[in-house]
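J.: Below are the structure tokens for one structure; questions will follow.
The values are calculated or read from the model by the stated rules, or taken from the named source; none is laboratory data. Here the structure is a predicted model, which means the values were calculated and not measured. Positions of Cβ are backbone-derived with ideal geometry, glycine not excepted, and every protein chain shown enters the neighbour counts. Each accessible area value is taken on the protein alone, full model and side chains, heavy atoms only, with ligands, DNA and RNA left out. Shrake-Rupley method; radii C 1.70, N 1.55, O 1.52, S 1.80 Å.
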Amino acid sequence: MSFVYYDKLRYRLMPYLYSLAGWAHFKDYTLMRALVMDFNGDKNVENIGNQWMFGPALMACPVGYYKARNRSVYFPEQCGYTNEYIEGGQSLVVDAPYEQIPVFVREGAIIPFGPEMEWSDEKPAELINLYVYAGQNGSFQLYEDEGTNYNYEKGKYAIIDITYDDAAKKVTFGARKGSFNGMLKNRRFNVVLISKDAPKPLDLENPEGKLVQYSGKAVSVQL
């Protein structure tokens, strides 16, 4: 069942993963990141080799010992969340059940989740469940293209800049830049705020949030 769970999660995460791939091409971004790359002011992360960031939002903490069902994890400042809020700047022993890798989300993270799919271009992400994790300001650039060719090298792609103002509890979607064949002209974002005072588990079936109708023009939503 764990393989099925992670396979489904991978396709749900396609808007996040595909955006990271776009960043790698256009911005020389690194998808798998040593903690020091994102927390370089924290001396404690300099020699940690068994935790890393996967993109700007997710801290992966795999278990590398046979039959181990827990492990020690260091939480840098600005990390983070699981089903609860965890203060940064400390080490904790966390559960690592057989079927699930410990993964944590940093404060200020913005993570777009798309529909359940069986292959990458099965259906467009007309509805994106946008999880926003409070505690810091955040930003994410959603990247999209045709997904089946190299036309992005000819400028056929689109980006949407998304920002989160933590003090105002406001998410802003910038005007869409660029276009490509088959691009969705209109879509919905269901914005789900996760905060220190109201943590909640990931729910990709029917998450409660604020629905935003997006037509390519800049729009903001108060959470």
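J.: Return the lysines within reach of LYS154: Cα separation strictly under 28 angstrom, same-chain partners fewer than 8 residues apart disregarded; answer none if there are no such residues.
T.: LYS27, LYS123, LYS177, LYS185, LYS217
J.: What distance in nm lies between label points placed 7 Å from Cα along the C-beta direction at ASN149 and GLN100?
T.: The modelled label-to-label distance comes out at 4.3 nm.
J.: If you don't mind, there's one more thing I want to ask. Once the Cβ-Cβ distance between ASP121 and GLU46 is put in as r, and R0 is 30 Å, what FRET efficiency do you end up with, to the nearest 0.05? If you can, show how the numbers build up before the last one.
T.: Values: r = 41 Å, r/R0 = 1.36.
That pair, ASP121 with GLU46, gives E of 0.15.
J.: By a straight-distance test (C-alpha under 27 Å), which lysines pair with LYS196 as possible cross-link partners, with residues fewer than eight away in the same chain excluded?
T.: Hits, sequence-local ones excluded: LYS43, LYS169, LYS170, LYS210.
J.: In addition: What list of ³J(HN,Hα) values in whole Hz, one per residue of the range 128-141 in order, does the Karplus curve 6.51 cos²θ - 1.76 cosθ + 1.60 (θ = phi - 60°) give from phi, with Gly and Pro shown as x?
T.: The phi angles translate into 10, 7, 9, 7, 10, 10, 6, x, 8, 5, x, 8, 8, 10 Hz.
J.: Do any trypsin sites (Lys or Arg not before Pro) in the range 135-169 lie in a loop, going by DSSP, with at most 14 other beta-carbon atoms within 10 Å of their beta carbon, and if so which?
T.: Working: sites: LYS154, LYS156, LYS169; in loops: LYS156, LYS169.
Those that pass, being in a loop and sparsely packed, are LYS169.
J.: Probe of 1.4 angstrom, ligands and nucleic acids ignored: what's the accessible area per residue over the range 1-44, in square angstrom? Present the calculation step by step, with values, prior to reporting the outcome.
T.: On the way: 2750 Å² over 44 residues.
Accessible area per residue: 62 Å².
J.: How much solvent-accessible surface does MET32 expose, in Å² to the nearest 10, with a 1.4 Å probe and all protein chains in place?
T.: The value for MET32 is about 120 Å².
J.: Moving on to the next point. So who's got an amide H within less than 5 Å of the one on TYR29, skipping anything under 5 residues away but keeping other chains? H placed 1.01 Å off N, in plane.
T.: Here ALA24 satisfy the definition.
J.: OK, next. For the chain, find the longest principal axis of its Cα atoms and tell me its angle to the long axis of helix 14-27, 0 to 90°, nearest 10.
T.: That works out to roughly 80 degrees.
J.: On to the next question. Just how large is the dipole of the range 79-127 about the Cα centre, in debye to the nearest 20, putting +1 at every Lys and Arg Cβ and -1 at every Asp and Glu Cβ? Let's see the in-between values first.
T.: On the way: 2 positive and 10 negative charges, 48 e Å.
Roughly 220 debye for the range 79-127.
J.: Among PRO15, CYS79, LEU35, which residue has its Cα positioned farthest towards the positive end of the charge dipole of the range 7-88, with +1 placed on the Cβ of Lys and Arg, -1 on the Cβ of Asp and Glu, and the dipole taken about the Cα centre?
T.: PRO15
J.: If we count every other residue with Cβ under 14 angstrom of PHE173's Cβ, Lys/Arg +1 and Asp/Glu -1, where does the sum land?
T.: Working: positive: LYS170, ARG176, LYS177, ARG187, ARG188, LYS210, LYS217; negative: GLU144, ASP161, ASP165.
Net charge in that neighbourhood comes out at +4.
J.: Ignoring any ligand, DNA or RNA, what whole percent of the accessible area of the range 1-70 comes from carbon and sulfur when the probe is 1.4 angstrom?
T.: Values: 2460 of 4320 Å².
For the range 1-70, the apolar C and S fraction of the accessible surface comes to 57 percent.
J.: Compute the length gained on full extension between THR30 and ASN181: take 0.36 nm times their separation in residues and subtract their Cα-Cα distance, giving the result in nm to one decimal.
T.: Numbers: separation 151, 0.36 × 151 = 54.36 nm, distance 2.76 nm.
Extending this stretch completely gives an extra 51.6 nm.
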